[in-house]
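Let me begin by presenting the structure, written as structure tokens, before commenting on it.
The values are calculated or read from the model by the stated rules, or taken from the named source; none is laboratory data. It should be emphasised that the depicted structure is a prediction, and the values quoted were computed from it without experimental measurement. Glycine gets a Cβ as well: all are built from the backbone with ideal geometry, and neighbour counts include every protein chain shown.
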Amino acid sequence: SFSKMAAPTRVVLLAGGCFNPITNMHLRLFELARDHLERTGLYKVIEGIISPAHDKYGKKGLVPSTDRVAMARLALASSDWVRVDSWESEQEGWLETVEVMRHLKRQVQNKHCVADSETDGPSRKRRKIQHNVNNSDEAVDSSPAGTAGEVQLKLLCGADLLESFAVPNLWRDEHIKELASNYGLVVISRAGSNPEKFIYESDVLSKYKNNIHMVTEWIQNEISATKIRRALRRKESVRYLVPDPVINYINEHQLYQPDTEKSKT
Amino acid sequence: SFSKMAAPTRVVLLAGGCFNPITNMHLRLFELARDHLERTGLYKGLVPSTDRVAMARLALASSDWVRVDSWESEQEGWLETVEVMRHLKRQVQNKHCVADSETDGPSRKRRKIQHNVNNSDEAVDSSPAGTAGEVQLKLLCGADLLESFAVPNLWRDEHIKELASNYGLVVISRAGSNPEKFIYESDVLSKYKNNIHMVTEWIQNEISATKIRRALRRKESVRYLVPDPVINYINEHQLYQPDTEKSKT
């Protein structure tokens, strides 16, 4: 027998959140994550998904999901790999992160694996059928959450989400475990912060730390949606922080005006 | 006689620099400065000015008020900042004041002819560098330029004075820095501090051209940090590749 390098594992990145509104910082997260994963040689990032949160998430100043989805679509019109998924926002109520991951994992596997079986030659079909069988002729995918041919769905997030795992009663332990073991996280942190500390302080996260990819954002930009909304209330320019089509949409629909913002956030 | 409010003084903002390449941070400076007022040196790895001008033009194609001027880059050699300011001040006045005299009624013409005469019927523009009807040219820069005034022998004192008194500066600083200290520590700048407008950039973004060049050398994405047309230009012309970057900046 001879050894051959494992084909890179295919990955889809999912980012949740309010996107109230979407900003250039959100769009950067995908670029940083893709560069990082592909540079390891182990992954090929084939798709990115933005899933805006349901209106019932309950935050003050959250504009209707139809607007938030529309703005995200405008922002991503020029992207050839990241798209918006409105399923989460269209459900009856707010969903747990794992519920969204489970739904989109099924969707992503149907989309990318059905296509494989139609176009691949016999060897790939064989690899897929032998999904859980180690075959000495096949390279074994060493990543903890998948086998060759599978598409992995990873949660793309900022360090704040990782840190939120430590907040008492905010997350169910079994959900944290499911996210870290079944899926995996790609966490973008700003230079100078110390995100590894949160992994260290959590037994669950430490166990699955090979499946938590830490990415440092060296070109810092703090274009948070909160600051954008503040600027808009004050009629200040947000040009070059938010894509132009999104700015036009905000103006046409008179979003984020002072009288509609009940809170000062 | 009756008093009336001075018409707002018209201002043109000038930003110099390498724009190597132009980034969204450079473009932000203009937006911040405009909101606020209505509210080198030679560097290594400098790509030819024709490319830098072309990239800046692409970045500004969608702007209805910011443009690129290539005069400075087309001169025989490097120019002092004040030389560029003097040239563009003349150009800007020709452009915006000639147009005025063609379109304005008699009272505005009269105000321009009476440029230096205080007329009790006219509102006097209280800004130090202009009279009503004039267009001011202000230098738009980061706090690093302000701080550079303190570097021995880098600037001529008379140039600092000319910039601060004849023109004016709009200085963008990041939140948490203390730019007023540099004004305080300079007699010249303190004298003209009414003509030095300090603007804080609260939505911090450190998209410096240095970091962009570094990312490009490493084949990392600069999407959403630099306008798409500029990224396309860089790729088409193979700019900022590792072999052409002699220094590690």
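So here's what we get for this one:
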{"item": "Residues (acidic (Asp, Glu) and either over 25 Å from B:ASP35 (Cβ atoms) or at pLDDT 95 or above (or both)) located in region B:199-226", "result": "B:GLU220"}
{"item": "Residue tally, condition over 19 Å from the mean Cα position of the chain (by Cα) and assigned to a loop (DSSP other than H, G, I, E, B), over region A:163-176", "result": "6"}
{"item": "Residue among B:ILE234, B:ILE196 that is more than 26 Å from B:MET85 (Cβ to Cβ), modelled with pLDDT of 90 or more and either within 19 Å of the chain's Cα centre (by Cα) or more than 14 Å from chain A (Cβ to nearest Cβ) (or both)", "result": "B:ILE234"}
{"item": "Residue in region A:32-40 that is within 14 Å of another protein chain (Cβ to nearest Cβ) and within 24 Å of A:LEU95 (Cβ to Cβ) present", "result": "yes"}
{"item": "Residue in region A:72-84 that is within 14 Å of another protein chain (Cβ to nearest Cβ), assigned to a strand (DSSP E or B), touching a strand residue (DSSP E or B) at 6+ places or on another chain (Cβ under 6 Å) and small (Gly, Ala, Ser) present", "result": "no"}
{"item": "Within region A:41-71, considering residues that are under 21 Å from A:ASN210 (Cα atoms) and more than 14 Å from chain B (Cβ to nearest Cβ), the one surrounded by the fewest Cβ atoms within 10 Å (Cβ to Cβ)", "result": "A:LYS44"}
